[in-house]
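Contents: one structure, followed by commentary.
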């Protein structure tokens, strides 16, 4: 593939945004990628880096005549933060709780959706990019944009991101998506961070961002004469990152200074507040090796009466943070990330190297935590330099190099021949392909003089182990190519007169397809996610038919305190009883999805909200944890076994629950 004139890689993160570019406009200029740190607004030398806060404040909400973004957003403004997470939630019909960081967390103004906030932010970013050198002096520049997304981003969220980017002005070039962990893999190549790896050794790449943690694993096929890596599994992602540390800090203050802290306005406690900026400053210095007696102070007037002097200095209106407080803020988040890493480590059969990137890796506490635990297991731990820019830099590298990464194709892909149901399969499930793999398909179409001169060629996908010869119920139609015959000189093709006196032409043509399987989302995970959300919606609407239709023919539900219900009719009876008894108003959260084989998978979820007993109309908090065993039946994922239990304490307010 010929390199474009320019590549711009955009890392739209939960808390900050960065971009990097390479310019091919002047042949004599070295093709070095460049990071931008010249951002509008006010920021100090510590904050001024390659990234800008992903915050947006609408003028209409702040009684001013212009919108603000990034460093322009001040602490006294009503603003939108962490909108990337809302984009994913909106695409899947989910609700996000605000936690303890104020009203501007997940704030979207009335009359707007998350994608419109993302669009407005990206429009300002786009205008800023093209107002800077070298772009403002170049006309008619061919450009490719790389937008990076978490591996957990659903197809709906990916499409919403692309649509927002196009509406923001990025439509003048091609837009491609790349998972964040694969972008970091490109950064690892660019910086030569695996110079000591040997053929056969494995590496895990961990991107610790503001809102998500992404992991991918590779094995070195070749180490000499150019490193070549083969992907061991599709990138995986968890919704946990740097913002969870911030939320733990705010939760600690909420519990400790109740009710005074909770009544403070969001501009004094939210992500843009002086409190959280001071907290971020301390985070960049603190380590778990500091003395236990050391204290850290942040000024926060609250009008507390008779405070605990260990936690609040009333003379100076300062909160006091101890080392035990820091451990309570940091370690639960890092423990959850470590569990995720261990799961991926076991799935890869162990690795010899781990490379960490992402903004969270800048924190000394994080580096110390992972180095201490992983080095003890004889894993070489590498913390990438400038980790906050690894995703943006890796995106540029991916688009401009012949990437020596082999990626396992997640399903079969092919094209249907015009006029019949026969499929030419061009990519095969389980096979390894290099990024940018190109293949050609020879096709033939018989055109008769009265036929339409536009022919649709279907692009097909199939998840089974063996690709079928023709289309069937299990083959998914993914899209269409358009074959336009209107400008062809038909006389150049072989032709004859048919039995009805019509001229028919035999048109042979070659379809060249460039495939980037590294950017194809794992279809099983997306299908299972959609199934689980459909089940959550069925619970909310108390629809028996919808709930039962999501089970296999021999499906089983195992509720606490009841015998299991097996099979369609027993399931119908069980859900009829449940829905006649209670009404649930819940938020449904997918914690993990693990595909074990082409036919089996399991998922873990939680459901929290309110349960109302219909007979008495009494309501109480509802909190369940759930385990789904899933099986592919008749070409689609369904629930084979389902069990759940309450997360509420066994003894509450002195009363033992049954």
* Would you mention how many residues in the stretch 159-182 are under 26 Å from residue 116 (Cβ atoms) and buried (at least 21 other Cβ atoms within 10 Å of the Cβ)? => 8
* Asked: Checking residue 562 against (1) in a loop (DSSP other than H, G, I, E, B); (2) touching a helix residue (DSSP H, G or I) at 6+ places or on another chain (Cβ under 7 Å), which test does it fail?
  -> (2)
* Structure fact -> Scanning the stretch 434-451 for residues that are at pLDDT below 80 and part of a strand (DSSP E or B), the one surrounded by the fewest Cβ atoms within 10 Å (Cβ to Cβ) turns out to be 438
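Can you pull out the residues in the stretch 578-603 that are farther than 22 Å from residue 528 by Cβ and surrounded by 14 or more Cβ atoms within 10 Å (Cβ to Cβ)?
578, 579, 582, 583
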* Selection within the stretch 383-417 - surrounded by fewer than 19 Cβ atoms within 10 Å (Cβ to Cβ) and at pLDDT below 70 -> 401, 402, 404, 408
* Asked: If you take the residues in the stretch 452-481 that are modelled with pLDDT of 80 or more and part of a loop (DSSP other than H, G, I, E, B), which one is surrounded by the most Cβ atoms within 10 Å (Cβ to Cβ)?
  -> 453
* Asked: Which of the helices (runs of 4 or more DSSP H) contained wholly in the stretch 242-325 include at least 1 residues that are under 30 Å from residue 371 (Cα atoms) and in contact with a helix residue (DSSP H, G or I) (Cβ under 9 Å, 6 or more places away or on another chain)?
  -> 242-256, 274-283
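Answer yes or no: is there a residue in the stretch 511-527 that is assigned to a loop (DSSP other than H, G, I, E, B), in contact with a helix residue (DSSP H, G or I) (Cβ under 9 Å, 6 or more places away or on another chain) and at pLDDT below 85.
In the first step, residues of the stretch 511-527 are kept if they are assigned to a loop (DSSP other than H, G, I, E, B); the result is 516, 520-522.
Narrowing further to those that are in contact with a helix residue (DSSP H, G or I) (Cβ under 9 Å, 6 or more places away or on another chain): 521.
Those left that are additionally at pLDDT below 85: 521.
For the stretch 511-527, residues assigned to a loop (DSSP other than H, G, I, E, B), in contact with a helix residue (DSSP H, G or I) (Cβ under 9 Å, 6 or more places away or on another chain) and at pLDDT below 85: present.
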* **Conditions (1) part of a strand (DSSP E or B); (2) modelled with pLDDT under 90: number failed by residue 356** => (2)
* To do: Look at the stretch 132-158 and say how many of its residues are part of a loop (DSSP other than H, G, I, E, B), surrounded by 18 or more Cβ atoms within 10 Å (Cβ to Cβ) and out of contact with any strand residue (DSSP E or B) (no Cβ under 6 Å at 6 or more places or on another chain).
  => 2
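For the stretch 248-268, how many residues are surrounded by 15 or more Cβ atoms within 10 Å (Cβ to Cβ) and within 19 Å of residue 328 (Cα to Cα)? Let's see the steps before the verdict.
Restricting attention to the stretch 248-268, the residues satisfying the condition of being surrounded by 15 or more Cβ atoms within 10 Å (Cβ to Cβ) are 248-254, 256-257, 260-261, 264, 266-268.
After this cut, where a residue has to be within 19 Å of residue 328 (Cα to Cα) as well, the list is 248-254, 256-257, 261.
Residues in the stretch 248-268 being surrounded by 15 or more Cβ atoms within 10 Å (Cβ to Cβ) and within 19 Å of residue 328 (Cα to Cα): 10 in total.
Considering only the stretch 30-88, how many residues are assigned to a helix (DSSP H, G or I), modelled with pLDDT of 85 or more and either under 26 Å from the mean Cα position of the chain (by Cα) or not assigned by the TED database to the domain that holds residue 146 (or both)?
Taking the stretch 30-88 and keeping what is assigned to a helix (DSSP H, G or I), we get 59-61, 83-88.
Pick out the ones that are also modelled with pLDDT of 85 or more and you get 59-61.
From what is left, the residues that are either under 26 Å from the mean Cα position of the chain (by Cα) or not assigned by the TED database to the domain that holds residue 146 (or both) are none.
Of the residues in that region, 0 qualify.
Kindly indicate whether residue 111 is modelled with pLDDT of 85 or more, assigned to a loop (DSSP other than H, G, I, E, B) and closer than 27 Å to residue 533 by Cα.
Details: modelled with pLDDT of 85 or more: no; assigned to a loop (DSSP other than H, G, I, E, B): yes; closer than 27 Å to residue 533 by Cα: yes.
Judged against the criteria, residue 111 is not a match.
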* Residues in the stretch 401-419: is at least one without any contact (Cβ under 8 Å) to a residue 40 or more places away in the chain, closer than 23 Å to residue 233 by Cα and not assigned by the TED database to the domain that holds residue 202? -> yes
* Taking the stated definitions as given, is residue 428 surrounded by fewer than 20 Cβ atoms within 10 Å (Cβ to Cβ) and at pLDDT below 90? -> yes
* Structure fact -> When restricted to 609, 555, the only residue in a strand (DSSP E or B), touching a strand residue (DSSP E or B) at 6+ places or on another chain (Cβ under 7 Å) and on the phi > 0 side of the Ramachandran plot is 609
* To do: Test residue 330 against the stated conditions and say whether it is assigned to a helix (DSSP H, G or I), within 26 Å of residue 377 (Cα to Cα) and in contact (Cβ under 8 Å) with a residue 24 or more places away in the chain.
  => yes
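Scan the stretch 613-623 and give yes if some residue there is closer than 24 Å to residue 237 by Cβ, touching a strand residue (DSSP E or B) at 6+ places or on another chain (Cβ under 8 Å) and part of a strand (DSSP E or B), otherwise no.
Pass one, the stretch 613-623, residues closer than 24 Å to residue 237 by Cβ: none.
No; the residues of the stretch 613-623 include none that is closer than 24 Å to residue 237 by Cβ, touching a strand residue (DSSP E or B) at 6+ places or on another chain (Cβ under 8 Å) and part of a strand (DSSP E or B).
What number of residues within the stretch 167-200 satisfy the criterion of being part of a helix (DSSP H, G or I) and either under 18 Å from residue 153 (Cβ atoms) or touching a residue at least 40 places away in the same chain (Cβ under 8 Å) (or both)? Steps first, please.
Of the residues in the stretch 167-200, the ones part of a helix (DSSP H, G or I) are 167, 170-172, 180-191.
The next check asks that each one be either under 18 Å from residue 153 (Cβ atoms) or touching a residue at least 40 places away in the same chain (Cβ under 8 Å) (or both); those that pass are 167, 170, 180-191.
Matching residues across the stretch 167-200 total 14.
The values are calculated or read from the model by the stated rules, or taken from the named source; none is laboratory data. Since the structure is predicted, the reported quantities are computational estimates derived from the model, not experimental observations. With ideal geometry, Cβ positions are generated from the backbone for all residues, glycine too; neighbour counts draw on all protein chains shown.
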